[in-house]
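The values are calculated or read from the model by the stated rules, or taken from the named source; none is laboratory data. Owing to the predicted nature of the structure, the values given are computational and were not obtained by experimental measurement. Here the Cβ positions follow ideal geometry from the backbone for every residue, glycine too, while neighbour counts run over all protein chains shown. SASA here: full protein model, heavy atoms, side chains in, ligands and nucleic acids out. Shrake-Rupley method; radii C 1.70, N 1.55, O 1.52, S 1.80 Å.
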Amino acid sequence: MAGLLLSSTEKVFIVHGVQEDFRSDGRSNIDYRPMELETDVVSHASGSARLRLANTDILVGIKTEIDTPKPDKPDMGKIEFLVDGSANATPEFEGRGGENLASSISNTMQRAYHSSQAFDLKQLCIVEGKQCWKLYVDILILECGGNWFDAVSLATKAALFNTRIPLVKALLMDGGNVDLQLSDDPYDFKFLDVGSAPLLVTLCKIGEKCVVDPSAEEESCSVISLIVGITGNSKSYCADKGASNITDVDIKCSTISMNGPGSLAPKTLKNAIHQGM
Amino acid sequence: MPAADLLSSQGLRLDGRRPNELRRIRCKLGVFTQPDGSAYLEQGNTKVLAAVYGPHQASKSKMSTEAVVVNCQYSMATFSTGERKNRPRGDRKSQEMSMHLRQALTAAIKTEMYPRSQIDIYIEVLQADGGTYCASVNAASLALIDSGIPLRAYVTACSASLGRQSATHEPLVDVSHIEEAADGVCLTVASLPSTGSIALLEMSNRLHMDHFNIVLTRAMQGCRDIEVILDGAVRQHLAEGWTKQDVITI
């Protein structure tokens, strides 16, 4: 992890702690760190949220724009994720330094929200085939203390919950063109249904055990972590193999590559489901 | 030329301030644990975060044997402006901002204290409502103080414009976004108020030389006022002593 130096003894200490189900900050393997969530923090955005998970700090701002839907999905809106690692978090992110990590997080988020059970894009439709809302979800990482994926997904859900979509007052159809008139009243808006928006749970394999919500120190001890997307409705989480919600297997150590995930997927998935409930 | 409608007939500005009134400044030092120094500053609706890393060993290509290398990066969150920005940094405006920040901050830092080293100063604009440069300099100044890097003096920045009320010209301090957009003059000054010297001065639009002095004086007065506010914040931060977070990190 970013700029973190741990000696081998420190690593051994962490690994042994995890085996005993007692981590260096006093948590057990399935405990989260305390989090602090604030919504509606940026007045220029339609929706925003700030999440502080121990010392991971995420700010999410959502902006809305009118766009034309894709021809193959005429009744669906669009959602786009952009992750920006601020250099405030670590000097390594300066310039284009954070781009790899940022794109891996945004791709994971994009995939998690892609499934129709996860987030209903139909609620963003204005006129079928002609106009829809496009949500720009801009995620800013302000400080990194490990477990980005979980924090980003939580903050995004909160920001979506807080997003105000203006109501359309009048529609003018002129030949093939649609002319929209939005309500001028700033209190004329609707909220989105985010009940089933996915949350990501990272399981970090340390030694033989898996932990949730790894801190930066713990992440540096683990060679592999599995990220599972879980939708809000506990009945409909997509735990099947190959379902689009099982998003990403992130391999920190490239030498073990595909061996790692195959051998641990069933067990960690079980863990993840427990955590998701 | 001063834009005609920046001042109402009652002598109030577009957002209801008086000509010599700053926007409300709220600031906090030590908001993050990871950087060596950090600060958050709100100037009206402009919100800025600053983080300082260093001094640490400079990379080979940048290293200077005489003085510390000050490295600044200015970036704006994509949701910070009314229109969505496509890129948070790397565009011309951000690069220019980074350069100007470096210029103003290098003037304040005692650069000769740390040869062969580098100080990184990162600015993140969370919400932009005019005067982002000024807010960035002020936030960076606080972050530098939080990191304990020796400074010659506080470095503060303030902008000023010129409005017209009937026949008299009146300088306006701390220009907001609507005033910037109204196409008036905008003079930005970064200065070290306690020594009275100017670290950076920039002006856009046309201004008659006759009025230059009053606008500059008003901007310098703004810098002095901001210094008083920042100094108060620093003293309060120190008086609070050990915060909870300090205890956790140790």
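Classified by the C-alpha gyration tensor, segment B:1-100 has a prolate form. Its axis ratio a/c, with a ≥ b ≥ c, is 1.5 or above, and a/b is larger than b/c. Over all distinct Cα-Cα pairs of segment B:25-241, the Kirkwood formula returns a hydrodynamic radius of 17.7 Å.
I need to check one value: relative contact order of chain B, counting alpha carbon pairs closer than 8 Å and at least 6 residues apart, in percent.
For chain B, the relative contact order is 23 percent.
Ranking B:Asn213, B:Tyr122, B:Val31 by how far each Cα lies toward the positive end of the dipole of the protein assembly as shown (charges on Cβ) leaves B:Tyr122 at the top.
About the centre of its Cα atoms, segment B:25-241 shows a dipole size close to 520 debye [charges on the beta carbon of Lys, Arg (+1) and Asp, Glu (-1) only; nearest 20 debye]. Taking R0 as 56 Å, what FRET efficiency do you get between B:Asp5 and A:His16 from their Cβ-Cβ distance, rounded to the nearest 0.05? E(calc), rounded to 0.05, equals 0.20. Between 0 and 90 degrees, the angle of helix B:92-108 with respect to the longest Cα principal axis of chain B falls at about 70 degrees.
Tell me the net charge near B:Ser38. Cut-off is 11 Å between Cβ atoms, B:Ser38 excluded, with +1 for each Lys or Arg and -1 for each Asp or Glu. Neighbourhood net charge equals -4.
Relative to the longest principal axis of chain B, what angle (0 to 90°, nearest 10) does the C-alpha long axis of helix B:209-239 take? Tilt of helix B:209-239: around 40 degrees. Surface composition of segment B:25-241: carbon plus sulfur atoms hold 48% of the accessible area, using a 1.4 angstrom probe and ignoring ligands, DNA and RNA.
Counting only Cβ charges, +1 for Lys and Arg and -1 for Asp and Glu, the dipole size of the protein assembly as shown around its Cα centre is about 380 debye.
Taken as Cα centroids, segment A:203-228 and segment B:192-229 sit 54 Å apart, rounded to the nearest whole angstrom.
In terms of its alpha-carbon gyration tensor, segment B:69-178 comes out oblate; a/c meets the 1.5 threshold, while b/c is at least as large as a/b. Extension gain, B:Glu66 to B:Asp15: 0.36 nm times the residue separation minus the Cα-Cα distance gives 13.6 nm. Shielding of peptide A:92-99 by partners, expressed as the average count of other chain Cβ atoms within 10 Å per residue Cβ, is 2. Of the GluC sites (Glu not before Pro) in segment A:147-232, the ones in a loop by DSSP (not H, G, I, E or B) with at most 14 other beta carbons within 10 Å are A:Glu208. Database remark: amide H of A:Ile206 closer than 5 angstrom to the amide H of A:Val211 (H placed geometrically; neighbours at sequence offset of 5 or more, or on other chains; Pro and chain starts carry no H). For segment A:178-221, the residues whose backbone nitrogen is under 13 Å from a point 7 Å from the Cα of A:Thr39, taken along Cα to Cβ, are A:190-197. Approximating the spin labels as points 7 Å out from Cα along Cα→Cβ, the A:Ala170-to-A:Asp188 distance works out to 1.0 nm.
Amide H to amide H distances under 5 Å link A:Asp84 with A:Ile139, A:Leu140, A:Ile141, where only residues 5 or more positions off or on other chains count and H is placed in the peptide plane.
Accessible surface computed residue by residue for the protein assembly as shown, with neighbouring protein chains in place and a 1.4 Å probe, gives 46 Å² per residue. Our note on the geometry: Cα centres of segment A:24-74 and segment A:96-124, 12 Å apart. Annotation for segment A:75-162: GluC sites (Glu not before Pro) lying in DSSP loop with at most 13 further Cβ atoms inside 10 Å of their Cβ are A:Glu128.
Taking a sphere under 15 Å around the Cβ of A:Asp193 and counting the other residues whose Cβ falls inside, with K and R at +1 and D and E at -1, yields a net charge of +3. The amide H of A:Leu182, built 1.01 Å from its N in the peptide plane, has A:Lys169 as neighbours under 5 Å, considering only residues 5 or more places off or on other chains.
Please say if the protein assembly as shown is rounded, prolate or oblate, where rounded means a/c under 1.5 for a ≥ b ≥ c the square roots of the C-alpha gyration tensor eigenvalues, and otherwise the choice is prolate for a/b larger than b/c and oblate otherwise?
It comes out oblate by the Cα gyration axes.
For segment B:149-165 and segment B:56-131, write down the distance between their C-alpha centroids in whole Å. That distance is 18 Å. Which of the residues in segment B:53-72 show a loss of at least 40 Å² in accessible area from their chain by itself to the complete set of protein chains, at a probe of 1.4 Å? Buried-area filter returns B:Tyr53.
Between chain A and chain B, roughly 2400 Å² of accessible surface gets buried, counting both sides and using a 1.4 Å probe.
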